[in-house]
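J.: Have a look at the structure that comes next, please.
The values are calculated or read from the model by the stated rules, or taken from the named source; none is laboratory data. Predicted model, so just to flag it, every value in this text is computed and none were measured. Positions of Cβ are backbone-derived with ideal geometry, glycine not excepted, and every protein chain shown enters the neighbour counts.
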Amino acid sequence: MTTTPRDDCLARDAQDPLAALRAQFVLPDGVIYLDGNSLGVLPAATPARVAQVMADEWGTGLIRSWNSAGWIDLPARVGDKIARLIGAAPGEVVAGDSTSVNLYKALAAALDLARDDAPQRRVIVSERDNFPTDLYIAESLARERGAELVLVDRPEDLARHLDDRLAVLLLTHVNYRSGRMHDMAAVTRAAHDAGALMLWDLAHSAGAVPVDLNRAGADFAVGCGYKYLNGGPGAPAFVWAARRHLDRMDAEQRWQPLAGWMGHAAPFAFTPGYHPALGIRRFTCGTPPVLAMAALECGVDTLLAAEPLGGMDALRAKSLALTGLFIALVQARCAGLGVEPVTPDEPAARGSQVSLARADGGYAVMQALIERGVIGDFRAGDPAQGSPDLLRFGFTPLYTRFVDVWDAVEHLREVLASGQWREPRFHAKAAVT
Ligand SMILES: Cc1ncc(COP(=O)(O)O)c(C=O)c1O
């Protein structure tokens with residue numbers, strides 16, 4: 001009996017040592033979900049856990065649950081779990097706020113440290129194609145503190161700015177548009193060689209690729225809870241600071257600028273004066289969103305469930321196999337149909353998503369795919385910068401199968417080859433793309 005390439009994918013799924021992890025999720029029938037890089041899927045444990053927090057901990061326990069159900073410890077407890085995914089030690093990560101807010105706090109702390117060590121270090125360097133919120137936050141801090149934000153157009157141009165004016169190099173590890181991944185250790189070393197601090201945004205890395213912040217010697221990091229961590233829409237984010245900075249901030253009684261009561265050394269002393277809590281807890285601000293934290297914890301647990309199976313390294317091996325297969329199939333099956341992978345072929349430079357450049361109708365192509373049950377997303381290009389429209393496909397090894405990759409590429413081929421994407425209904429833009 002002859003086997004088809006699709007059969008080969010089914011065979012790979014049958015042999016996949018991580019296949020059982022898929023049962024942790026609620027995956028709608030008829031959907032191939034390739035957008036875990038934007039919003040992770042619902043873990044099966046989450047609805048019951050959130051219902052329990054509501055009915056028992058809130059409904060019955062009421063305010064007592066801050067102690068009896070450990071609500072007050074959630075930012076640190078969930079932070080410690082996230083730490084296991086990003087090469088951080090217990091007590092170095094707290095969950096809470098959004099990535100944008102955490103970035104504000106961490107970047108401000110880094111700018112203060114840099115300035116106090118060397119007053120001429122007033123420059124923040126980032127990439128023009130970094131996620132806009134990172135650039136807006138950096139710009140707002142630059143305005144506030146008389147610093148300067150410098151943006152480079154290509155990673156190769158970073159080297160030109162590694163000088164004695166540089167305070168903080170602020171980069172997103174895996175680029176949200178292209179899926180290109182920086183070499184965290186090498187870039188951190190280069191920033192340090194220039195005497196600057198390194199701040200990483202792990203929005204597209206935490207739970208997606210192995211990250212080892214401490215081994216890389218990084219200084220600060222922030223990341224997102226609703227993407228690969230499967231924490232749910234608008235899930236709390238997280239912030240990390242290297243132990244050496246936390247120790248110094250302790251010794252020097254340093255603040256971060258959003259000095260809320262939960263980051264106070266003794267929140268329930270209700271004193272009018274602020275004294276920062278020791279360690280990473282100083283980076284918390286207000287009351288933690290308990291329901292959202294409970295959902296985030298369930299999401300993080302879906303990744304920790306992979307630890308006995310090889311953890312992030314095993315997930316990475318499967319992720320590279322999935323993205324590699326997708327790139328190869330697009331090149332073979334969609335040749336001449338106007339889609340071109342822009343994500344690096346080189347595994348070391350590839351995150352867990354693949355982006356395809358499309359000269360025209362990218363939005364409509366994605367809408368046609370979504371109608372067929374293949375859910376990715378679309379990011380418009382910037383003609384002024386010469387950047388193309390992108391179709392983005394995220395591959396989440398916890399639940400994506402090899403046969404999903406095959407089927408998704410076949411749908412893409414059909415949408416393009418038949419011209420189905422030209423149908424007017426695929427061109428109406430919604431508020432969120
Ligand atoms: C790199 C990066 N940083 C930050 C964010 C979002 O930040 P926030 O959690 O504040 O919405 C995103 C969202 O897609 C992102 O891709």
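J.: For segment 80-128, name all the residues that are small (G, A, S) and either modelled with pLDDT under 95 or within 16 Å of the ligand (Cβ to nearest atom) (or both). Break it down stepwise before answering.
T.: At the first step, the residues of segment 80-128 found to be small (G, A, S) are 83, 87-89, 91, 95-96, 98, 100, 106, 108-110, 114, 118, 126.
Listed by number, the residues that qualify are A95, G96, S98, S100, A106, A108, S126.
J.: If you don't mind, there's one more thing I want to ask. In segment 138-153, is there at least one residue being outside any strand (DSSP E or B), of a type in the set (D, E, K, R), buried (at least 21 other Cβ atoms within 10 Å of the Cβ) and within 16 Å of the ligand (Cβ to nearest atom)? Let's see the steps before the verdict.
T.: In the first step, residues of segment 138-153 are kept if they are outside any strand (DSSP E or B); the result is 138-147, 153.
Okay, now just the ones that are also of a type in the set (D, E, K, R), so 139, 143-145, 153.
Filter once more, keeping what is buried (at least 21 other Cβ atoms within 10 Å of the Cβ): none.
No, segment 138-153 has no match at all.
J.: Exactly one of (1) in contact with a Lys or Arg (Cβ under 8 Å, 6 or more places away or on another chain); (2) on the phi > 0 side of the Ramachandran plot is unmet by G310. Its number?
T.: (1) is the only condition that G310 fails.
J.: What are the pairs with Cβ atoms under 6 angstrom where one residue, in segment 130-147, is within 18 Å of S205 (Cα to Cα) and the other, located anywhere, is part of a helix (DSSP H, G or I)? Sequence gap at least six, or different chains.
T.: Filtered contacts from segment 130-147: T133/S100.
J.: Could you tell me which of the residues S387, S418, S352 is surrounded by 23 or more Cβ atoms within 10 Å (Cβ to Cβ) and hydroxyl-bearing (S, T, Y)? Give the steps one after another, and end with the answer.
T.: On the way: S387 fails: surrounded by 23 or more Cβ atoms within 10 Å (Cβ to Cβ); S418 fails: surrounded by 23 or more Cβ atoms within 10 Å (Cβ to Cβ).
Going through S387, S418, S352 in turn, the sole match is S352.
J.: In addition: Looking at (1) under 18 Å from K81 (Cβ atoms); (2) in contact (Cβ under 8 Å) with a residue 24 or more places away in the chain; (3) of a type outside the set (K, R), which one does I327 not meet, given that it meets all the others?
T.: (1)
J.: Of the numbered conditions (1) in contact (Cβ under 8 Å) with a residue 24 or more places away in the chain; (2) under 19 Å from V211 (Cα atoms), V290 fails exactly one; give the number of that condition.
T.: (2)
J.: Would you check if P210 is within 16 Å of the ligand (Cβ to nearest atom) and surrounded by fewer than 23 Cβ atoms within 10 Å (Cβ to Cβ)? Lay out the reasoning, then the answer.
T.: Details: within 16 Å of the ligand (Cβ to nearest atom): no; surrounded by fewer than 23 Cβ atoms within 10 Å (Cβ to Cβ): yes.
Spelling it out, it is not the case that P210 is within 16 Å of the ligand (Cβ to nearest atom) and surrounded by fewer than 23 Cβ atoms within 10 Å (Cβ to Cβ).
J.: Tell me, yes or no, whether segment 320-333 has at least one residue that is assigned to a loop (DSSP other than H, G, I, E, B) and more than 14 Å from D35 (Cβ to Cβ). Lay out the reasoning, then the answer.
T.: To start, the set of residues in segment 320-333 that are assigned to a loop (DSSP other than H, G, I, E, B) comprises none.
No, that holds for no residue.
J.: I would also like to ask the following. List the number of the failed condition for A88; all other conditions in (1) closer than 23 Å to F326 by Cα; (2) buried (at least 19 other Cβ atoms within 10 Å of the Cβ) hold.
T.: (1)
J.: Answer yes if at least one residue in segment 215-236 is over 19 Å from G96 (Cβ atoms), in the same structural domain as I86 (by TED's automatic domain parsing), in contact with a Phe, Trp or Tyr (Cβ under 8 Å, 6 or more places away or on another chain) and assigned to a loop (DSSP other than H, G, I, E, B), and no otherwise. Reasoning before the result, please.
T.: Taking segment 215-236 first, the residues over 19 Å from G96 (Cβ atoms) are 215-219.
Narrowing further to those that are in the same structural domain as I86 (by TED's automatic domain parsing): 215-219.
Checking which are in contact with a Phe, Trp or Tyr (Cβ under 8 Å, 6 or more places away or on another chain) leaves us with 218.
Narrowing the set further to residues that are assigned to a loop (DSSP other than H, G, I, E, B) leaves 218.
Within segment 215-236, one or more residues are over 19 Å from G96 (Cβ atoms), in the same structural domain as I86 (by TED's automatic domain parsing), in contact with a Phe, Trp or Tyr (Cβ under 8 Å, 6 or more places away or on another chain) and assigned to a loop (DSSP other than H, G, I, E, B).
J.: Please determine, by comparing only the residues of segment 174-191 that are assigned to a loop (DSSP other than H, G, I, E, B) and not acidic (D, E), which one is nearest to the ligand (Cβ to nearest atom).
T.: Applying the first criterion (assigned to a loop (DSSP other than H, G, I, E, B)) to segment 174-191 yields 175-179, 182-183.
With the extra rule that they be not acidic (D, E), the set shrinks to 175-179, 182.
On the way: N175: 8, Y176: 4, R177: 9, S178: 12, G179: 11, H182: 12 Å.
By that ranking, first place goes to Y176.
J.: Is it fair to say Y274 is under 23 Å from the mean Cα position of the chain (by Cα), of a type in the set (F, W, Y) and either within 16 Å of the ligand (Cβ to nearest atom) or at pLDDT 95 or above (or both)?
T.: Values: under 23 Å from the mean Cα position of the chain (by Cα): no; of a type in the set (F, W, Y): yes; either within 16 Å of the ligand (Cβ to nearest atom) or at pLDDT 95 or above (or both): yes.
No.
J.: Pick from P119, P75: which is free of Cβ contacts under 8 Å to residues at least 12 places away in the same chain and in the same structural domain as L135 (by TED's automatic domain parsing)?
T.: Just a single option satisfies the conditions, and that option is P119.
J.: Which of the residues that make up segment 15-43 are within 21 Å of V300 (Cβ to Cβ) and within 16 Å of the ligand (Cβ to nearest atom)?
T.: D35, G36, N37, S38, L39, G40
J.: Quick check: anything in segment 370-387 in contact (Cβ under 8 Å) with a residue 40 or more places away in the chain and out of contact with any helix residue (DSSP H, G or I) (no Cβ under 9 Å at 6 or more places or on another chain)?
T.: Going through segment 370-387, the residues in contact (Cβ under 8 Å) with a residue 40 or more places away in the chain turn out to be 371-380, 385, 387.
Keeping just the survivors that are out of contact with any helix residue (DSSP H, G or I) (no Cβ under 9 Å at 6 or more places or on another chain) gives 385, 387.
Yes; the residues of segment 370-387 include at least one that is in contact (Cβ under 8 Å) with a residue 40 or more places away in the chain and out of contact with any helix residue (DSSP H, G or I) (no Cβ under 9 Å at 6 or more places or on another chain).
J.: Between L103, L113, which is surrounded by fewer than 23 Cβ atoms within 10 Å (Cβ to Cβ) and in contact with a strand residue (DSSP E or B) (Cβ under 8 Å, 6 or more places away or on another chain)? Working first, answer last.
T.: Working: L103 fails: surrounded by fewer than 23 Cβ atoms within 10 Å (Cβ to Cβ).
Only one candidate qualifies: L113.
J.: Out of segment 224-257, which residues are touching an Asp or Glu at 6+ places or on another chain (Cβ under 7 Å) and within 16 Å of the ligand (Cβ to nearest atom)?
T.: P236, A237, W240
J.: Here is a list: V432, V403. Which entry is under 30 Å from D313 (Cβ atoms), surrounded by fewer than 23 Cβ atoms within 10 Å (Cβ to Cβ) and either small (G, A, S) or not assigned by TED's automatic domain parsing to the domain that holds Y176 (or both)?
T.: On the way: V432 fails: under 30 Å from D313 (Cβ atoms).
Answer to the check: V403.
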